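The values are calculated or read from the model by the stated rules, or taken from the named source; none is laboratory data. As the structure is a prediction and not an experimental result, all values here were calculated from the model. With ideal geometry, Cβ positions are generated from the backbone for all residues, glycine too; neighbour counts draw on all protein chains shown.
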Amino acid sequence: MRYAVTSKELRIAGRTMAITDWPPDDRPREKLLHRGADSLSDAELVAIFLRTGVRGKSAVDVAREALTRFGSLSGLFAARQQWSEQSHCDRTSLDRAR
């Protein structure tokens with residue numbers, strides 16, 4: 001298998017690895033505990049709150065999509081009602097099922 005590390009996403013054959021398979025120093029929770037909140041990206045911080053990703057996407061991937069969709073961490077918090085109307089467990093992406 002070939003490994004590629006791109007912007008802190010670990011991939012095997014084009015698929016995102018589970019965060020539990022990441023090196024411990026790169027995992028958001030461990031990073032927070034050992035280096036503090038300032039060491040986290042916005043996506044890593046949101047991923048900690050999400051706790052889990054969806055099939056084929058880590059929590060960091062889902063968080064990154066949310067931040068892109070809402071423009072920023074502030075935009076994500078401002079969109080709380082819209083966000084809560086969608087069940088995190090029932091979606092495979094941030095878009096509503098069609």
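For segment 44-62, a residue qualifies if it is touching a Ser or Thr at 6+ places or on another chain (Cβ under 9 Å) and of a type in the set (A, V, I, L, M), and the qualifying residues are Ala47, Val54, Ala59, Val60, Val62.
The set of residues in segment 15-50 that are in a strand (DSSP E or B) and of a type in the set (D, E, K, R) contains only Arg15.
Condition test on Ala59, is it closer than 14 Å to Ala18 by Cβ and modelled with pLDDT of 90 or more? Answer is yes for this residue.
Residue pairs whose Cβ atoms lie under 9 Å apart, sitting 6 or more positions apart in sequence or on different chains, and linking a residue in segment 43-56 that is touching a residue at least 12 places away in the same chain (Cβ under 8 Å) to a partner that is in a loop (DSSP other than H, G, I, E, B) and of a type in the set (A, V, I, L, M), are Ala47/Leu40; Ile48/Leu40; Gly53/Ala18.
Checked against (1) of a type in the set (A, V, I, L, M); (2) touching a helix residue (DSSP H, G or I) at 6+ places or on another chain (Cβ under 8 Å); (3) modelled with pLDDT of 85 or more, Leu10 passes all but condition (3).
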